[in-house]
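First the structure, in the form of structure tokens, and then the observations on it.
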Amino acid sequence: MIDEKKLEIMSEKPGFVAALDESIKSTPAALRAYGIPDETYHTKEEMLNLIHDMRSRIMISEDFSSTHILGTILYIDTIKRKIQGQYVSEYLWEQKGILAFLKIDDGLDVPGSGVQLLKPIADFEEKLQEAKNHHVFGTKMRSLILSANQEGIRDVVKQQFEIAKVILQHDLVPIIETEVEIHSTEKKEAEKLLKEELLVELDKLDAQSKVIIELSLPTIPDFYQEIVSHPNVIRVLAASSGYKKTEADKKLSQNHGVVASFSRALEEGLMYQETDFEFDMILKESIQAIFEASIQ
């Protein structure tokens with residue numbers, strides 16, 4: 001069964017989700033933004049060690065706490081590692097009171113019909129078992145919508161919900177992320193089609209099946225209110241999707257009932273070369289601003 005205490009936190013507590021789940025593909029860019037150039041490392045293991053050090057520095061910070069943060073999305077490599085002698089997900093829950101989510105997808109497939117579906121997820125059952133072994137609360141998988149193609153958007157949503165139903169059978173809560181490319185010239189029209197398809201699939205769920213929906217910040221403020229209020233939706237999250245921190249916070253504050261699931265916007269300004277005091281002050285400012293935008 002899903003932990004009722006954790007479900008209550010995710011359903012009702014003010015706060016936001018910190019996305020610390022950069023994949024192998026996106027890790028080099030995250031490290032460069034952190035002030036670590038590509039030539040610093042030579043193997044995948046060295047790269048993963050460096051990104052884990054960065055994530056650990058964020059999570060250990062005093063301001064990274066349940067006062068503002070509901071949950072953290074983690075990469076598969078991260079949940080196998082430790083912070084201060086504890087596996088990361090256990091550390092987050094036992095020391096911080098923060099829920100853990102596992103990114104389970106293997107990236108995006110090639111574009112087709114105006115979207116990028118999920119690639120087939122390798123070792124799917126093993127990943128779900130790994131999540132349960134580490135007392136993870138839920139999972140995340142991200143699809144991308146490039147244009148207002150109804151057939152493609154329907155395929156994206158159907159694929160996500162089919163996988164989500166399996167995840168629910170394992171007593172894990174799925175984050176269904178159907179991101180719309182923020183630079184698409186058809187973003188507004190794509191969001192309209194996406195909302196329609198999400199409501200169709202949500203209405204098919206039985207009363208006990210609860211999911212989290214993650215979306216790009218919409219063109220029209222409060223556009224996803226029907227999703228926010230749907231009885232099968234625990235929370236609606238917003239990805240920063242490439243928006244700078246200030247703009248992401250502003251757009252988020254215009255969408256009531258939607259909370260952040262920020263990665264780049266959370267990590268913006270954090271640098272390897274900063275003293276711990278400087279690092280913590282920048283992180284504190286980001287956390288406070290994202291929190292305030294999430295509770296508007």
Item to complete: Report, to the nearest 10°, how far helix 150-169 tilts away from the longest principal axis of the Cα atoms in the chain, using its own Cα long axis and a range of 0 to 90°.
Response: 60 degrees
Practice prompt. For region 210-296, take the alpha-carbon Rg, divide it by the Kirkwood Rh, and send me Rg/Rh.
Written response: 1.04
Item to complete: May I ask for the distance between the Cα centers of region 265-296 and region 105-151, given as a whole number of Å?
Response: 28 Å
Discussion item. Leaving out ligands, DNA and RNA, and with a 1.4 Å probe, what % of the accessible surface on the chain is carbon or sulfur?
Written reply: 51 percent
Item to complete: Just the number, please: percent antiparallel of the DSSP beta bridges in the chain, rounded to the nearest 5.
Response: 15 percent
Discussion item. Along each principal axis of its Cα atoms, how long is region 152-275 end to end? Whole angstroms, biggest number first, please.
Written reply: 49, 34, 26
Worksheet entry | the chain, helix-only ellipticity at 222 nm - DSSP H runs n ≥ 4, -39,500 (n - 2.57), divided by all residues, nearest 500 | -12500 deg cm²/dmol
Worksheet item: Of LYS82, LYS25, LYS251, which is the most mobile in a GNM of the chain whose springs link Cα atoms less than 10 angstrom apart?
Response: LYS25
Worksheet, complete the sentence: Over all viewing directions the Cα convex hull of region 74-222 casts an average projected area in nm² of 9.7 nm²
Worksheet entry | Solvent accessible area, Å² - ASP276, 1.4 Å probe, full protein context | 100 Å²
Fill in: Among GLU125, GLU22, GLU45, residue whose mean-square fluctuation peaks in a GNM of the chain (springs only between Cα atoms under 10 Å)
GLU45
Item to complete: Pull out a ≥ b ≥ c, the square roots of the eigenvalues of the alpha-carbon gyration tensor of region 96-135, then state rounded if a/c is under 1.5, prolate if not and a/b is larger than b/c, and oblate in the remaining case.
Response: oblate
Item to complete: List, in the order given, every pair from LYS5/LYS96; LYS140/LYS210; LYS195/LYS245; LYS158/LYS195; LYS6/LYS245; LYS188/LYS251 whose Cα-Cα distance in the structure shown is over 19 Å.
Response: LYS195/LYS245; LYS6/LYS245
Discussion item. Using only Cα atoms and rounding to the nearest 10 degrees, what angle (0 to 90) does helix 276-294 make with the longest principal axis of the chain?
Written reply: 20 degrees
Worksheet item: Binning every alpha carbon pair distance of region 7-124 at 10 Å from zero, what are the percents per bin?
Response: 12, 38, 34, 15, 1
Worksheet entry | Heavy-atom accessible area per residue - region 27-134, 1.4 Å, Å² | 44 Å²
Fill in: Using distinct alpha-carbon pairs, which all enter the 1/r mean, Kirkwood radius of the chain in Å
19.2 Å
Discussion item. How large is the Kirkwood hydrodynamic radius of region 167-231, counting all unique pairs of alpha carbons, in Å?
Written reply: 12.8 Å
Response to the item:
per DSSP, antiparallel bridges as share of beta bridges in region 90-201, % nearest 5, sits at 25 percent
Discussion item. If the reach is capped at under 16 angstrom between alpha carbons, list the lysines near LYS80, excluding any in the same chain fewer than eight residues apart.
Written reply: LYS44, LYS103, LYS127, LYS132
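The values are calculated or read from the model by the stated rules, or taken from the named source; none is laboratory data. Everything numeric in this text was worked out from a predicted model, so none of it was measured. With ligands, DNA and RNA removed, areas are computed over all heavy atoms of the protein, side chains included. Shrake-Rupley method; radii C 1.70, N 1.55, O 1.52, S 1.80 Å.
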